[in-house]
1. Could you give the nm distance between label points at Glu165 and Gln10, where each point is 7 Å from its Cα heading toward the beta carbon?
2. Report the far tail of the P(r) of the range 128-231, meaning the percent of Cα-Cα pairs longer than 18 Å.
3. Under 5 Å between amide H atoms, partner at least 5 residues away or on a different chain: which partners does Tyr24 have, H built in plane at 1.01 Å?
4. Using a Förster distance of 56 Å, how high is the FRET efficiency between Glu174 and Ile68, based on the Cβ-Cβ distance and rounded to 0.05?
5. Sorting check: for 456-466, 160-170, which peptide has the highest mean count of neighbouring beta carbons within 10 Å, and how do the rest follow?
6. I want to check a number: in the range 2-105, how many lysine pairs have alpha carbons closer than 24 Å, given a sequence separation of 8 or more or different chains?
7. Work out, step by step, the length gained on full extension between His468 and Asn447: first 0.36 nm times the residue separation, then minus their alpha carbon distance; give nm to one decimal.
8. Which whole-number percent gives the relative contact order of the range 128-231, counting Cα pairs below 8 Å spaced six or more residues apart?
Amino acid sequence: MGAAFDKLPQAVLVVNRKTSTIEYYNSVAEKEYGVSDGADLGIFLIKHLGLDSTMSFRIARRVQEGLIVQQSIENKQTPKGWLHLTIESLGSDTGLAMIQLSDLSDSVKSEETLIKEIQKFEALFNFATMGILLVNEGGNIVMSNPYANKQFGYGAGELLGQKIETLIPMRYREKHEGHRAKYGAKPESRTMGTGLELFATRKNQTEFPVQISLGHFENEEGKFTLAFVIDDTDRKQKEKAIIQQKEEMAEVNKRIQQLNEMLEFKVAERTRLLQDTMKELEDSRDSLTQALEKEKLLNDMKSRFVSMASHEFRTPLSTILSSVTLLSKYTTTEEQARREKHIDRIKSSVTNLTDILNEFLSLGKIEDGKVEPRWAEFSIPEHVQTVIKQMETICKAGQRIVYKHKGKEIAELDPSLLKNVFINLIGNAIKFSSEQKSIHVNTAVDNTGLKISIKDEGLGISKEDQQHLFERFFRGNNVTNIQGTGLGLHIVSRYVQLMNGTITCKSELEEGTEFIILFPQREKTQSE
């Protein structure tokens, strides 16, 4: 018996059932527990295994009763040491029982490690900041983390058992079943839909863009696919905003280039005109006095043009240059607000340049005799209200335009030229008036013609400046710090003259300004 027990890898004790004394033990028991012949079983259990007296008594009692027992016990003499205890009788005629003690420490440690790993997985699954879905071979959702439930608009447990196609837009579902079957036949960890835009559907059937990564594993319960879902809405919106800004910048650059080309053309054209005039002066001695006066006038225009252009063009062009330079430094998504600020500054400066060039072009056409009235009958109130609606967009805070009309509604003038007259005069009233002020526009049509009055409550014009008000490039002394070319009122007066009208001004400093325009009833020619 001793030789057979010594071959066993676990500790073996042979106990007298009647006296509860140890009559035999193998080499493993001697080595690990220091047991001796005739030792009392209860004392051995308390001393060498660290069991309490209650547990020791219970085990000794089972030995005496000859019961077959198997249980795990903690060996408190060894930190975290667990044993598997087996008791069985060696036969009723022998009066002996055999106790086997097997070390379970490694098994318990593995179980503790497994529990910790499971806890880690649960923490990762439940608190992940992306949607996680576990899908079985049949395409049914067997697990969904809280983030996924919130992402798709479902409550806890509502997704379990549903087909994964429930979360896919209807137009893609049929094809997705085929893709799923193909993936199940040859699964691999990869990004889903590489190069494609993917969309998912919430419980309320709204769609949103997503990025999806796939993983897979297999156990005794079958094959499973693990899907990691990220809501791609914010990234798509930022990407779209950046693309739009690039397109706007390309358009701004194009407009700047066109403006530069137009400016160069106009400067070259004006230079050519000046050169031609000089040549005519040299070739025409008979009209020397007249030529000298004309030269003086042209030189004065050139001087005023250069002075005005250098001032009015420098500010917007400097703004554009500085904003474009700063835009190149803001390359990250977080600097979006700064990019938008400089883009707005560029747009505003380009608009100012466009307005200035439009005034030059209008003056050039008038000087060249290319502007002729195109007479037509139209409704004055409707025409004026259209212009006012357009100008209200540039009003300062609290400013309002009050319009009244008297008499007939139909008049015969050039609608386009009249529109430019209203835009210029109402624009000046807005520009030179402070906030919370009103601009009054009045029109009246009777048998004698059309009368127009545009009155503001702004800065006013001095008596001295009123004498030069409609001259080219003239600007009042009290508005030099406000942007302008000094061409607007000159162009207005020329348009009024082309339509056989007259324009006058009434103004007092700090009490506002009123422009009065009279268009007499037009007599049609025989050809008309």
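1. Reported label-point gap for Glu165 and Gln10 is 5.4 nm.
2. Of all Cα-Cα pairs in the range 128-231, 44 percent lie more than 18 Å apart.
3. Residues meeting the criterion, in which the H sits 1.01 Å from N, are Val14.
4. Working from the Cβ atoms, E equals 0.35.
5. Working: 456-466: 17.5, 160-170: 15.6.
Output ranking for 456-466, 160-170: 456-466, 160-170.
6. Total qualifying Lys-Lys pairs in the range 2-105 comes to 7.
7. Contour length minus the Cα-Cα distance gives 4.3 nm.
8. 31 percent
Laboratory data are not the source of any read-out in this text; all were calculated from the coordinates shown. What you see is a predicted model; the values in this text were computed from it and never measured. Using ideal geometry, Cβ is built from the backbone for each residue, glycine included, and neighbour counts are taken over all protein chains shown.
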